[in-house]
Amino acid sequence: MGYDKIPRQKLSITKKNKEWREGCVEAYIDLSNSGSGFSKRRTELRDLYDYYNGIIDDADYNYVLKPYGKSRKNFPSQMRNYPIIKPIIDLLLGEKSKRPLNYTVTVQNSDSISIKENAKSEVIFKNLQQHFMQSVQNQGQEMGVDPDQEIQLPKHIADMFESSYVDNRAILGQKSLNYIMQEQEVYDKIQKAWFHYLVSGEVYTHRGVRSAEPFYDILNPIDVDYDLDPDLEFVEDGDWALVRKYSHASTIIDHYYEELTEDQILELEEPRHSETGGSYLNAQSPSNDENSNRNRLLEVVNVYWKSRKRIGFLTYMDPETGVMEEEEVEDGFRLPQELKQDGASVEWKWVNEVWEGTRIDGRMYININPIANQRLSLDNPSKCKLPINGRRYSDINSKNISLVKLGVPYQLNYNIYKYRLEVAVAKSKDIIAQFDINMIPKKWDMDKFMYFVDATGIAWVDYNKEGVKLSPQHQSVLDMSIKTISQYIELLNSIAIEWEKISGVSRQRQGEIGAYEGKASSQQAILQSSHITEDLFRKFERLEQRDFQALLDYSKEAWLTGKKTMYSMPDGTTDFLDLDSMDHLESNYGIFVSDAGKDQEKLQNIKGLTQAMMQNGTKPAAIAEMLDSDSFSEIKKNLKLADKASEELEAAQQQAQQEMQQQQMEAAQMAQQAQSLDNEKDRQKDIEIALINAESKNDPEGTSLALEKMMKDFDIKERELDLKTAEFEEKIRGSVEKESIDRDSNTVKREGDQIKQQIAKENANKRN
């Protein structure tokens, strides 16, 4: 059965009756079953999981174990599995668990730019207003503002908005996705999906709304089939997909209890014979035995496909405003006569719509309807996506192949050569001597003879024994050692090395460093190895991006009445989500998932500079926070803040140094002036003494009076000079004290700035 058997999809909803609905479900199931492609693929995928788990199929080794069509019996070895695939897969699983999962929610609404510009203008205006009020206050008029509050320049504000502005809707979107990731245990589920991707080369997910909450499930690749369009990269963009599982009747009844009728429940509970139809997995012979019926597995197929529906766009004039309005109407809408008279019209279009349906046990059809939560584009009502998503690793113009599939030939050859090595070791007897049995000494048995051979390396013989001749021909040496053992070991090493090259996981990457390998060569080998596997990671991360986008889209449908809750983050902190339904519903979110490989490489390089940063004065707390970070963007942001703080501190230090130099110059000038005053005092004293001496020669009696008067004048001048000196000294002390106060003030200011930065940082972390 092919696509030509699928019922017509471009029908009015009134014509999509019970027959049409069941026919659609049956058609897509038959399309999946056609040509036995699905069953063959299931078998091939199961084999890949067996290879990973080390479960071997003897049929793969028949040409070795049965070279002539007959089994070899009583061989000294048996075929076993010696895993070389599993360690590679397990290492990549471990690397994935340590790769940072960095995702950012953005808002792509058309008004995002205008909202950003308005916010920037508001901040600039507030800063200019603050500057004006400070200026007025400095002129003596009290304005009630902080005179020391820093005023940012408009250019600085603009730069800040360009580098760090985040729309409030994006912040709420980020919080919403964080909550879903935690509640749905997405991190653990992604690890499971990664395992399927490595083993089978396929990964499939199911996203939707369940119990008014978004859900995220990982599907078994064995159970999934979908539209194999050669140009299709992601399943959600295809026309159809189905999930085929097998469950017990009781499990099915519990899961679909609300959709099943009483008759259908009774029918599922009753035992059936195989000739009545129905699908069994590995069917044992069904019987009327109650235990047999209880243990049987029934097939359940969930089908999802894109159908078509007709919607109308009603254009009419609002009687209150007189403005033409447009409104979407459902199929079957009839334009009232009064609206026709007012110039109203309806334009009809066909758009896509996702349907779902379930078939149970090959005979029972339930829940065939359009899915309740459609993922529609705000710009294009016909653009919708399936709830099933997934991708294959390498199916472009070729059959898909996985990493395990690539390793199967190497695993088979490795097991074969290990088998041959074991046989060779069992057959190898080293070099042995041949003796005529008659040469065993008299009264010795074989056990005693062999004991002396093993214990001493000497074979005692009795040449006097009757029948023993002294001819050396009775003694010879037989070499029973196997020379090919070393060759087998070399072959095994060669196979392992070749497989490691193909997989991209070198021995250096596994932690095996040769004794003579330098650090540089080892790092280069690891880097080259990561380049091979990076495509695996990159393609998987694109699927993650698609799924995170879907979860955020489905949350709009799930939280139509809003959402208020508290949730825990991976680092143990808690956050609060308070979401307005309309803002959330009208937000056009976008998801950006960073390149984890490049981020991890950058992280390691940055973290390798911690010692140099400590030597350059970076605070231990900042370094510890950097080492604990899993996001390069977060480290980059913190480093920018640290650089800004460092620049501000350096500028403050330069200003303080300049002020100190100025104060030192003023103090030196004051000291020089004080010294000049002292010199002036001494010079005046010398002059007065000289005058006294000169006058004493001419008028001895008047000299005493003059001396007395001079001493009084000198005392007055001395007090004046002392007063001036005291004033200069007070100025010097004041200058020094001012310097100390300024230093203390700068210290307090710096500490305050650091506290402000820390608070801002914590607020930023909370926003993110």
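Can you pull out every residue in region 333-376 that is among the aliphatic types (A, V, I, L, M) and either not in a strand (DSSP E or B) or not assigned by TED's automatic domain parsing to the domain that holds TYR256 (or both)? Scanning region 333-376 gives LEU335, LEU339, ALA344, ILE371, ALA372. Inspection of region 385-392 finds a residue satisfying the criterion of being assigned to a loop (DSSP other than H, G, I, E, B) and among the charged types (D, E, K, R).
Look through TYR49, TYR68, TYR28 and report the one residue that is modelled with pLDDT under 90 and of a type in the set (Phe, Trp, Tyr).
Details: TYR49 fails: modelled with pLDDT under 90; TYR28 fails: modelled with pLDDT under 90.
Unique residue meeting the criteria: TYR68.
Here is a list: ASP225, ASP231, ASP167, ASP239. Which entry is modelled with pLDDT under 90, out of contact with any Gly (no Cβ under 7 Å at 6 or more places or on another chain), buried (at least 17 other Cβ atoms within 10 Å of the Cβ) and not polar (S, T, N, Q)? Of the residues listed, the single one that is modelled with pLDDT under 90, out of contact with any Gly (no Cβ under 7 Å at 6 or more places or on another chain), buried (at least 17 other Cβ atoms within 10 Å of the Cβ) and not polar (S, T, N, Q) is ASP167.
Look at (1) modelled with pLDDT of 80 or more; (2) of a type in the set (A, V, I, L, M, F, W, C); (3) not in a loop (DSSP other than H, G, I, E, B) and you find that TRP444 fails only one, number (3). Contact map, region 362-383: first residue farther than 19 Å from GLY312 by Cβ, second residue of a type in the set (D, E, K, R) and exposed (fewer than 15 other Cβ atoms within 10 Å of the Cβ), Cβ cut-off under 6 Å, separation 6 or more or different chains; pairs are ILE366/GLU259; ASN367/GLU259. Tell me, please, whether a residue that is out of contact with any Asp or Glu (no Cβ under 6 Å at 6 or more places or on another chain) and without any contact (Cβ under 8 Å) to a residue 40 or more places away in the chain can be found in region 198-208. There is no residue in region 198-208 that is out of contact with any Asp or Glu (no Cβ under 6 Å at 6 or more places or on another chain) and without any contact (Cβ under 8 Å) to a residue 40 or more places away in the chain. Scanning region 110-133 finds no residues that are small (Gly, Ala, Ser) and over 40 Å from the mean Cα position of the chain (by Cα). Of the helices (runs of 4 or more DSSP H) contained entirely in region 163-272, those carrying at least 1 residues that are under 18 Å from ASP547 (Cα atoms) and of a type in the set (Ser, Thr, Tyr) fall at 168-183, 186-200.
For the condition assigned to a helix (DSSP H, G or I) and crowded, with 20+ Cβ neighbours inside 10 Å, what is the one hit in SER555, SER521? Outline the logic, then answer.
Numbers: SER521 fails: crowded, with 20+ Cβ neighbours inside 10 Å.
The conditions single out SER555.
Within region 341-349, is there a residue that is surrounded by fewer than 18 Cβ atoms within 10 Å (Cβ to Cβ) and among the hydroxyl-bearing types (Ser, Thr, Tyr)? Yes, region 341-349 contains a residue that is surrounded by fewer than 18 Cβ atoms within 10 Å (Cβ to Cβ) and among the hydroxyl-bearing types (Ser, Thr, Tyr).
Every residue, every condition in (1) under 13 Å from ASN389 (Cα atoms); (2) buried (at least 16 other Cβ atoms within 10 Å of the Cβ); (3) among the aliphatic types (A, V, I, L, M), yes or no:
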residue	(1), (2), (3)
ILE171	no, no, yes
ASN178	no, yes, no
MET181	no, yes, yes
ASP188	no, no, no
GLU202	yes, yes, no
PRO214	no, yes, no
LEU219	yes, yes, yes
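The set of residues in region 368-399 that are surrounded by fewer than 18 Cβ atoms within 10 Å (Cβ to Cβ) and farther than 23 Å from ILE311 by Cβ comprises SER394, ASP395, ILE396, ASN397, SER398, LYS399. Which of the residues spanning region 53-79 are assigned to a loop (DSSP other than H, G, I, E, B) and either without any contact (Cβ under 8 Å) to a residue 12 or more places away in the chain or closer than 11 Å to GLN411 by Cα (or both)? Correct list: GLY54, ILE56, ASP57, LYS66, PRO67, TYR68, GLY69, LYS70, SER71, ARG72, LYS73, ASN74. Looking only at region 524-552, count how many residues are touching a Ser or Thr at 6+ places or on another chain (Cβ under 7 Å) and either closer than 18 Å to TYR197 by Cβ or buried (at least 20 other Cβ atoms within 10 Å of the Cβ) (or both). Of the residues in region 524-552, 3 are touching a Ser or Thr at 6+ places or on another chain (Cβ under 7 Å) and either closer than 18 Å to TYR197 by Cβ or buried (at least 20 other Cβ atoms within 10 Å of the Cβ) (or both).
The values are calculated or read from the model by the stated rules, or taken from the named source; none is laboratory data. Nothing here was measured: the structure is a model prediction, and the numbers come from that model. Because the Cβ atoms are built from the backbone with ideal geometry, glycine has one as well, and the counts that use them run over all protein chains shown.
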